[in-house]
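Written below as structure tokens is the structure these notes are about.
The values are calculated or read from the model by the stated rules, or taken from the named source; none is laboratory data. Just so it is clear, the structure is predicted and the values come from calculations on it, not from any experiment. Here the Cβ positions follow ideal geometry from the backbone for every residue, glycine too, while neighbour counts run over all protein chains shown. Keep in mind that these areas ignore ligands, DNA and RNA; they rest on the heavy atoms of the full protein, side chains included. Shrake-Rupley method; radii C 1.70, N 1.55, O 1.52, S 1.80 Å.
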Amino acid sequence: MTTIDLSRCEDFDLGPVTVRPSSREIANGTSSEIVEPKVMQVLVALASSPGRVVSRDDLIQKCWDGRIVGEDAINRVIGKLRRAADGAASGAFRIETVARVGYRLSLGNSSTPHPGAAASADPTADLVRPAPRLPVWLLGAALALVGGTAALIYVEKPWQRHDAGSDQVVHSTAAASPMPPAVVDLETRGLSAVFENTPEQTAEGVGYLRQANALAPHEAPVWGSLAMSYVLGLGWASPAERPAIESRVRDAAAHALAIDPRESRSAAALVSLEPTFGHWQAKGDAIRLAQQHARPDRGPLLYQEVQLLMAVGRFRDALNRIALLNKFSPLIPWIQATRVDALAATGRLEDADRVAKDALAIWPHDRLTWFTNFDLAAYNGEPQRALAMAADRANWPKNTQPDEILLAKRTVEAMMSHKSADADRVLVAFRSSMPRGQAYAERAMRAAAALGRPREALAIARVLYLSRLPASPRGTTLPYIGLNEDSERPTVSLFLPPAQTMWTDPGFLSLLSNIGLADYWRRTGPPDFCLANGMAKSCHLAGLAR
């Protein structure tokens, strides 16, 4: 049972109503309504089981990729489907709730849907099952999650609010005026939608948060949530759209900080817009300044600090902060992917493998989670597991082009064959893809290093860091939340396996000097790789070791 692909579903009738899944349209005579993708997926799932009850778990498998979702998410979609049934469908069908079991679709005249609907509605039903998932009730640990930078929002008492990703209870300045339940609901729905990490869901989440702000314009944390949702939306934005979205981030953050100068999510949103590449010292100063002025926080600002530490090759320090993040926000894919990378970079491969597999069980189709597992296997001694993932098309990640997986697969095959011709073909293909964006150059560099071609890896690195390639933060396979500009560069991959094959080449430290990292380390202390075998002398001669 795999996710319903609306583009492959044929049209079908429900009494006088025609349902067109590919265009998400419910048509009844001269009137029609276009519904959300999730609403149409649920309608197709129910119509494909005429007269039968479809359990919530089945709906999650077919419509949510088997991910963990809360009751609210399902209830919201069912509510919208019922409104469509009463609206454009004019009562031609209805959705019945079967207590503690699931839902059933019936026609207005109590007959069952047209038999053809069952045959055509789910053309993917015979494909391979997705990876196992954890029980739905685990989502109760987190009502709302914003892609690695906010978590755990709930009301303990009418006058208290639990800050995102923190164990600190923030006391409102207006103890007698708790947030209206509708605002809490909208904020929760908005953050949950943004957490889905797709362009459509991000836009939907921003819409919910705007409504929450319209109802509660004097609630600083709600403005902070909106600011962070805009930051995450930057990852999907085109270059022409970025300035307007950055302006919205700053505007929402300014509203929050005008109400509460210590509101932490807004501070994190503003810090995330500060450049990192070539500005590591200034970025660190901005994070520390924000931490001094914001409420004690173990979420948004802490994640920005983790990203900076990994970008400058300090994974041991990053792991300490990730442990705090994971304690309070365990259900965020960005945090788990960051945790896997930091564990792998510090040689804790058994722990990295455990965390990676657990994350894939929760988010089997998340792009970042999938590639984190694939790369961990490919570059750390489990190539067969990586190839098995690439062969399992039913569980390929969302927002990924087939050629990306094909190149990843060919890289592993070339690593296993040890044939120079195979490596040459892979690297030629990677080089031709590099103009498409930084993410392709990043993977090309890692592939060359894994194939035992450190000189080629360094040549690719020079293109990535010293020329101007289009930014592609959502295209990257490494965690990133922040400024989406072509001037940014993903330096974390310089310090992750298999980059160690480049470290002993004299060109490596020369490149780090060219981009300014060597000067940064001389001021702040050496990176982790200076502790690696064969690197102590080189780091000392370069003035990096104290």
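Given the conditions (1) open to solvent by 10 Å² or more (accessible area, probe 1.4 Å); (2) assigned to a loop (DSSP other than H, G, I, E, B), which single one is not true for residue 364?
(1)
Only residues that are part of a helix (DSSP H, G or I) and within 13 Å of residue 485 (Cβ to Cβ): list them for region 250-277, please.
272
Give region 510-532 a look and list any residue that's under 22 Å from residue 318 (Cα atoms), in contact with a helix residue (DSSP H, G or I) (Cβ under 9 Å, 6 or more places away or on another chain) and either free of Cβ contacts under 8 Å to residues at least 40 places away in the same chain or acidic (Asp, Glu) (or both), or say none.
512, 518, 519, 526, 528, 530, 531, 532 - these are the residues of region 510-532 that are under 22 Å from residue 318 (Cα atoms), in contact with a helix residue (DSSP H, G or I) (Cβ under 9 Å, 6 or more places away or on another chain) and either free of Cβ contacts under 8 Å to residues at least 40 places away in the same chain or acidic (Asp, Glu) (or both).
Picking from 302, 324, 289, 308, which residue would you name as being at pLDDT 95 or above and in a helix (DSSP H, G or I)?
Residue meeting the stated conditions: 308.
Please enumerate the residues belonging to region 255-274 that are over 20 Å from residue 302 (Cα atoms) and either surrounded by 18 or more Cβ atoms within 10 Å (Cβ to Cβ) or touching a residue at least 12 places away in the same chain (Cβ under 8 Å) (or both).
Selection gives 255, 259.
What residue, of 328, 371, is within 21 Å of the chain's Cα centre (by Cα), within 30 Å of residue 533 (Cα to Cα) and of a type in the set (Phe, Trp, Tyr)?
371
Specify the residue that is most open to solvent (accessible area, probe 1.4 Å); the eligible residues are those in region 405-429 that are within 18 Å of residue 373 (Cα to Cα) and free of Cβ contacts under 8 Å to residues at least 24 places away in the same chain.
Among them, the one singled out is 410.
List the strands (runs of 3 or more DSSP E) that sit entirely inside region 6-111 and contain at least 3 residues that are open to solvent by 40 Å² or more (accessible area, probe 1.4 Å).
By residue number, 31-34, 93-98.
Given the criterion in contact with a Leu (Cβ under 9 Å, 6 or more places away or on another chain) and open to solvent by 10 Å² or more (accessible area, probe 1.4 Å), identify the matching residue among 285, 317.
Going through 285, 317 in turn, just one is in contact with a Leu (Cβ under 9 Å, 6 or more places away or on another chain) and open to solvent by 10 Å² or more (accessible area, probe 1.4 Å): 317.
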